[in-house]
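A.B. asks: Before anything else, here's the structure in question.
The values are calculated or read from the model by the stated rules, or taken from the named source; none is laboratory data. This structure is a prediction, so every number in the text was calculated from the model and none was measured. Here the Cβ positions follow ideal geometry from the backbone for every residue, glycine too, while neighbour counts run over all protein chains shown. Calculation scope for accessible area: heavy atoms of the full protein, side chains included, ligands and nucleic acids excluded. Shrake-Rupley method; radii C 1.70, N 1.55, O 1.52, S 1.80 Å.
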Amino acid sequence: MPLKNFALIGAAGYVAPRHMEAIRNTGNQLVAALDKNDSVGVLDRYFPQTDFFVEFERFDRHLDKLKRAGTPVEMISICSPNYLHDAHIRFGLRYGADVICEKPLVLNPWNVDALAEQEAEKGQKVYNILQLRLHPSILALREKINSAASEQPADIELTYITSRGHWYYASWKGETAKSGGIATNIGIHFFDMLIWLFGAVQHNVVHVHTHDRAAGFLELERARVRWFLSINPETLPEIVREKGQRTYRHLAIDGDAVEFSDGFTDLHTKSYEAILAGKGFGIDAARPAIQVVHDIRHQETVGLKGDYHPLAALPLGRHPFRL
């Protein structure tokens, strides 16, 4: 494939280096990057010659100059805060580039509809990074599920705890209007994976939803899912805390654990390879999980009723900045 020129919006963020690495590993060139924060020394590891901007207006002008010079940016990768994805995707489409965006693609279902219209108008493509769909263990699990003849829904328990300090609540991630809340910010890729594996959502119940955790129940076409998400280290299992670990990821199907803790290092590169081959995950693929987390965010919690995750019963934690 011919080399493509990329631009990156959100170069100082946590996930940006994975995109830089994927651009490099697929043999392409990052020619421009934007972030209001200038802590982007990581560029030296991948593309030290990249033109970097802290002001959107100058970034916009630079990309326009490249187009007029006959060397346009063909792909724009977006790693900005969640609430800015929609605006940055639309910028990329107006410019005339295809867009690769981190999860969540957008925060609301109606944003998905608007992007689909603009994608069709501009003739460009929008791709979402849904890397769990490319994980070897998840691919093997999907093949097993699709070949099984069982008519009984699978019984699933999903637990994901990724500890965050007080900084989280001072950042955009701690503001539901900007991040989408816990279920969106740390859970959307798991919901996408489960829907991809077990079919569309039939019923959605939220048992607990606070600043640091969320728990609920999803009935899918072929599965019943109890889920728990948390950023509070106090919710970690004791055996995990004793080991000094701050992250816990567990997926059990009919009582059997599915191991997928490893194998994440090259998934962004695999995602880029698929996108560049015309096989990436587009707007329609992203839509179901966006609907799920939107519904979770706006539903009333029912408390500990019905079929709930065991960790949902843990004592609630105090917000560090509130009395």
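A.B. asks: Could you put PHE321, PHE260 in order of accessible surface area, largest first, with the 1.4 Å probe and the full protein assembly present? Could you put the intermediate results ahead of the total?
C.D. replies: On the way: PHE321 115, PHE260 5 Å².
Largest to smallest exposure gives the sequence PHE321, PHE260.
A.B. asks: Quick one: putting +1 on the C-beta of Lys and Arg, -1 on the C-beta of Asp and Glu, what dipole do you get for the chain around its Cα centre, in Debye to the nearest 20?
C.D. replies: On the way: 36 positive and 39 negative charges, 124 e Å.
Dipole of the chain, to the nearest 20 debye: 600 debye.
A.B. asks: Can you give the extra length, in nm with one decimal, that the chain gains between ALA170 and LEU316 once fully stretched, where that is 0.36 nm per residue apart less the Cα-Cα distance? Each step should come with its number before you reach the end.
C.D. replies: Working: separation 146, 0.36 × 146 = 52.56 nm, distance 1.99 nm.
So the chain would gain 50.6 nm between ALA170 and LEU316.
A.B. asks: Continuing with the same structure: Under a plain spin-label model, where a point goes 7 Å from the Cα along Cα-to-Cβ, how far apart in nm are ASP64 and THR210?
C.D. replies: Placing both labels 7 Å beyond Cα along the Cβ direction yields 5.0 nm.
A.B. asks: What residue among LEU84, LEU197, LEU141 has the largest mean-square fluctuation in a Gaussian network model of the chain, using Cα springs under 10 Å?
C.D. replies: LEU141
A.B. asks: Mind checking the log10 I(q)/I(0) for segment 250-323 at q = 0.12, 0.13, 0.24, 0.27 Å⁻¹? Debye, one equal scatterer per Cα, no solvent, two decimals.
C.D. replies: -0.71, -0.81, -1.16, -1.18
A.B. asks: Now for a separate question. When you have a sec, figure out the Kirkwood radius of segment 1-160 from all distinct Cα pair distances and drop it here in Å to one decimal?
C.D. replies: Details: mean 1/r = 0.0577 Å⁻¹.
When all Cα pairs of segment 1-160 are included, the Kirkwood radius is 17.3 Å.
A.B. asks: Could I ask something else about it? What spacing in nm lies between the two simple spin-label points modelled at LEU304 and ALA140, each 7 Å away from Cα in the Cβ direction?
C.D. replies: In this crude label model, LEU304 to ALA140 measures out at 3.7 nm.
A.B. asks: Over all directions, what mean area does the Cα convex hull of segment 199-321 project, stated in square nanometres?
C.D. replies: Details: hull surface 41.1 nm².
Average of the hull's projected areas for segment 199-321 equals 10.3 nm².
A.B. asks: Here is a further query. For GLU238, what accessible area in Å² do you get when you roll a 1.4 Å probe over the heavy atoms of the protein chains, rounding to the nearest 10?
C.D. replies: Here the accessible area works out near 130 Å².
A.B. asks: For GLU21, what accessible area in Å² do you get when you roll a 1.4 Å probe over the heavy atoms of the protein chains, rounding to the nearest 10?
C.D. replies: 60 Å²
A.B. asks: Hey, how many Å between the Cα centroid of segment 190-235 and the Cα centroid of segment 48-116?
C.D. replies: 31 Å
A.B. asks: Nearest 500 deg cm²/dmol is fine: what mean residue ellipticity at 222 nm does the chain get from its DSSP H runs of n ≥ 4 alone, each adding -39,500 (n - 2.57), divided by its residue count? Display every interim value, and only then the final one.
C.D. replies: Working: 12 runs with 120 residues, N = 323.
Value at 222 nm, helices only, nearest 500: -11000 deg cm²/dmol.
A.B. asks: Sticking with this structure for a sec: Which of PRO315, ILE100, ILE283 sits farthest toward the positive end of the charge dipole of the chain, with +1 on the Cβ of Lys and Arg and -1 on the Cβ of Asp and Glu?
C.D. replies: The residue sitting most towards the positive pole is ILE100.
A.B. asks: Let me check the size of the chain from its C-alpha atoms; what are the radius of gyration and Dmax in Å?
C.D. replies: Cα radius of gyration and Dmax of the chain are 20.2, 63 Å respectively.
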